[in-house]
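Right, one structure below, let's go through it.
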Amino acid sequence: MHSKNEYRRSIDEYKPAAPLKRKIGLYWVLVALRIILTLIPQTGYIHPDEYFQSIEVVSDNYFDIDVNKPWEFNSTFPIRTPLIPQIVVGVPYSILTTLSQYTVFYLGISLKTPYFLVLFPRLLICGLSFVSDYCLYKICYMYGQNYKIRLIIYASSYVMLVYGTRTLSNTIELVLTALLLYYTSYCMAYSEKVVVQSDYLSDKYYKAKTGVERVKYYKLKASLPSHSLTHCLKIATITVVGIFNRPTFIAFAFVPIFFWLQRGLGSKSVGFIDFHVRIFTFIACGIPTVAFFILVDSFYFGYLTMAEIGNRAININNFVVTPLNFLRYNANTKNLQHHGLHPHYLHFIINIPLLYNVLGIIGLVTFGKMLYSGVKAKWLNLPRIQSVVGLMTMSFVIPIILLSIFPHQEPRFIIPTLLPLVFLYAPNVSQISGVDTVARITKDNGCRDAFTLRNKLNKMQTFWFICNIALTLFYGFAHQGGVLPLSSHIATELKAKPDLTHIHLFTSHTYPIPTALLHLRNTRKTYFSSGKHHKYKLVKDFYLYEQGSKSVRDVCNAIVLKLHECERNYATKHVPYRLYYALPAVDLEDFISLKNSTNLFNYRVVNRFYPHVTVERLPFSKISNNVVHLIYLNTSLVERLTEIVNNIFEAFQQFQMLLIRIEYVASTKYEYTRKMRKETTYTL
């Protein structure tokens, strides 16, 4: 009985202290805000991959429509697995299709509109993003850390409010990284407790003076739970899923896996044999998931068929490993030139401050101090290699260093580093202690008062919230914000137009329009008549001409050529048409001047989509001219103020997208039509 009490004391002595229970009302407000921003939905357009590596990939599997599948899913050299998009987008679309049948039947309303086509996948992603919040909370709770300040900083970051609700593979990567850090942190805490107990009992065993005492301590040590392979299957599965989602996940998984492998090394009960056993077990646990993904990809891209399996005509060429293709593609600098080459320091100098502002700067400064301590051999100033601080520090630094090797660098590539960054440095932003374990030692109420948030925000908190509010508005609503409303307008136009009318749409200085949201008629499928006696295909009635960053003059030249073609088809084949041009408002003056110089067509503004910011076409020249004009303006104070207000209003008017309908000038159209009819009659 005495030995059992002594053993019990050894367990209680090293039990992790739970943090104080705190009221987190502000965090729940931020949770509600994330859901509301998902439901609105946000019109900001972060990157084309948001649609073209998710919605555009699987929409044709659930709807009878034409889609524009991206090159990453080309069967000749696929570099992305379709399984992740099938889950992230396919499951919501299955629910949407089922619900739409009931809404059409009972309410006469179809849910197959751009709003719901965007909303349903984003709701799933939003739900998954809260998994990362929960992982952060659990890690703080395990290690006796102040979870309140960390959850508030985490949930108020625009990375979670914007990126965390989008169908980007980087968002999935963020969630998987959070899960990996949680399971690794849990295993580290659990192994530390067991290892300490094991070493404690080993010391007792060797110091025992009698055989009875040695047997007692040997049995107690043998009764300790196994810890070496805890959560091995989960960690291996998450790693494989993350790599097939984005092979760059290797950079984020490397540190947690290393810390999971080296738990307890250096103690009496854990040696290098355990280290190697963990490696082989980890690999073995990952093999089934790897095989599953390879089979799914091979069947999807047509490399493997049931007929070949039945005939046993299978070789290595029947299998496709998309992560290997991804690495082969990105290892070639010539391929990356098509996406843009950046300096290797871009992540550290630009992307970290852009994503995390003051939090990222604190992280970089702290990392610089660690480097200095390492150079000066001040090892005591560095985090312990088997501590959660060491895990989080390396999980922030190492992935960014590895990803900086590649010359193509975008901010979204490093958003999984948000959780370790918040865990480490959120207390610095709030200027409140991040540790709560002192409450287990000091039980008086004065300790609780020491950790309460002050009513006033400090300067760093104020800067943090202002930056994240501004960036949420910019990336959530303004950045390329006219593309999604434009898609809704065109989808409505396609439904309302006469069946024979063709729609032609030119765009410039905008991101690509996700055609899956337009629900274009399927022109690739062969249909059968009701009696199945006749086969037919639908005629294409929507044509999109994305001009990218071409000048307005080049776009107008292309529009004039297309007008001639459309008029010829109308005169000879009686095919009516509507031709539109979507452009940033900053280009309107150039367009009008070119239109007046040619006088070949008329135009009218059909719709305006606000806000819409094209970073490549900011109205700097116009704003600077207005400023210069105000400087040299010699008028009364009232007139000057009026001019300032007008200029501000005019500047804001530049941040919108215009949809223009273009038609031939009436006289030109009449002459052209008569000429074409004569030529047609002569030919006949």
Just checking, how many residues over the range 205-236 are exposed (fewer than 15 other Cβ atoms within 10 Å of the Cβ) and among the polar types (S, T, N, Q)? 3
For the range 304-325, does any single residue satisfy the condition of being touching a residue at least 60 places away in the same chain (Cβ under 8 Å), closer than 27 Å to residue 189 by Cα and open to solvent by less than 20 Å² (accessible area, probe 1.4 Å)? no
Within the range 346-430, helices (runs of 4 or more DSSP H) holding 2 or more residues that are free of Cβ contacts under 8 Å to residues at least 24 places away in the same chain and open to solvent by 10 Å² or more (accessible area, probe 1.4 Å): 352-375
Among helices (runs of 4 or more DSSP H) completely within the range 267-341, the ones holding 2 or more residues that are in contact with a Lys or Arg (Cβ under 9 Å, 6 or more places away or on another chain) and closer than 30 Å to residue 201 by Cβ are 272-300
Of all residues in the range 537-558 being touching a Phe, Trp or Tyr at 6+ places or on another chain (Cβ under 8 Å) and assigned to a loop (DSSP other than H, G, I, E, B), the one that is least open to solvent (accessible area, probe 1.4 Å): 547
Does the range 372-392 include one or more residues that are under 22 Å from the mean Cα position of the chain (by Cα) and either at pLDDT below 95 or not basic (Lys, Arg) (or both)? yes
Looking at the structure I just gave you, is residue 561 modelled with pLDDT of 90 or more and surrounded by 11 or more Cβ atoms within 10 Å (Cβ to Cβ)? no
Scanning the range 288-321 for residues that are aliphatic (A, V, I, L, M) and in contact with an Asp or Glu (Cβ under 7 Å, 6 or more places away or on another chain), the one modelled with the highest pLDDT turns out to be 320
Is it true that residue 448 is at pLDDT below 75 and surrounded by 13 or more Cβ atoms within 10 Å (Cβ to Cβ)? yes
I'd like to check something: does the range 240-251 contain any residue that is more than 28 Å from residue 88 (Cα to Cα), open to solvent by less than 60 Å² (accessible area, probe 1.4 Å) and either touching a Phe, Trp or Tyr at 6+ places or on another chain (Cβ under 9 Å) or not aliphatic (A, V, I, L, M) (or both)? no
With the requirement that a residue be more than 34 Å from the chain's Cα centre (by Cα), surrounded by 14 or more Cβ atoms within 10 Å (Cβ to Cβ) and in a helix (DSSP H, G or I), what does the range 565-597 give you? 566, 567, 568, 569, 570, 571, 572, 590, 591, 594, 595
Looking only at the range 290-300, count every residue that is in contact (Cβ under 8 Å) with a residue 40 or more places away in the chain and open to solvent by 20 Å² or more (accessible area, probe 1.4 Å) and tell me the total. 3
Take the residues of the range 163-204 that are among the aromatic types (Phe, Trp, Tyr) and surrounded by fewer than 23 Cβ atoms within 10 Å (Cβ to Cβ): which is farthest from residue 386 (Cα to Cα)? 200
Listed by range, helices (runs of 4 or more DSSP H) wholly within the range 49-129 having at least 3 residues that are over 19 Å from the mean Cα position of the chain (by Cα) and among the polar types (S, T, N, Q) are 90-107
Taking the range 507-520 on its own, how many of its residues are open to solvent by less than 10 Å² (accessible area, probe 1.4 Å), part of a loop (DSSP other than H, G, I, E, B) and among the β-branched types (Val, Ile, Thr)? 1
Could you grab me the full set of residues in the range 22-48 that are in a helix (DSSP H, G or I) and of a type in the set (A, V, I, L, M, F, W, C)? 26, 28, 29, 30, 31, 32, 33, 35, 36, 37, 39
Taking the range 452-506 as the search range and keeping residues that are open to solvent by 10 Å² or more (accessible area, probe 1.4 Å) and assigned to a strand (DSSP E or B), which one is farthest from residue 118 (Cα to Cα)? 502
Between a residue in the range 272-289 that is within 12 Å of residue 239 (Cβ to Cβ) and any residue that is in a helix (DSSP H, G or I) and open to solvent by 50 Å² or more (accessible area, probe 1.4 Å), which pairs come within a Cβ distance under 6 Å, given they are 6 or more apart or on different chains? 285/233
Residue that is nearest to residue 55 (Cα to Cα), among those in the range 101-111 that are in contact with a helix residue (DSSP H, G or I) (Cβ under 9 Å, 6 or more places away or on another chain) and surrounded by fewer than 18 Cβ atoms within 10 Å (Cβ to Cβ): 110
Pairs only if they're at least six apart or on different chains, beta carbon under 9 angstrom, first in the range 573-584 and among the β-branched types (Val, Ile, Thr), second open to solvent by 10 Å² or more (accessible area, probe 1.4 Å) and in a strand (DSSP E or B); list them, first residue then second. 575/502
Residue 173 passes all but one of the listed conditions (1) assigned to a helix (DSSP H, G or I); (2) charged (D, E, K, R); (3) over 22 Å from the mean Cα position of the chain (by Cα); the exception is number (3)
Search result, residues across the range 77-86 that are within 13 Å of residue 326 (Cα to Cα) and open to solvent by 30 Å² or more (accessible area, probe 1.4 Å): 77
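The values are calculated or read from the model by the stated rules, or taken from the named source; none is laboratory data. Owing to the predicted nature of the structure, the values given are computational and were not obtained by experimental measurement. Neighbour counts are summed over all protein chains in view; Cβ atoms, including those assigned to glycine, are modelled from backbone coordinates with ideal geometry. Heads up: the accessible areas ignore ligands, DNA and RNA and are worked out on the full protein's heavy atoms, side chains in. Shrake-Rupley method; radii C 1.70, N 1.55, O 1.52, S 1.80 Å.
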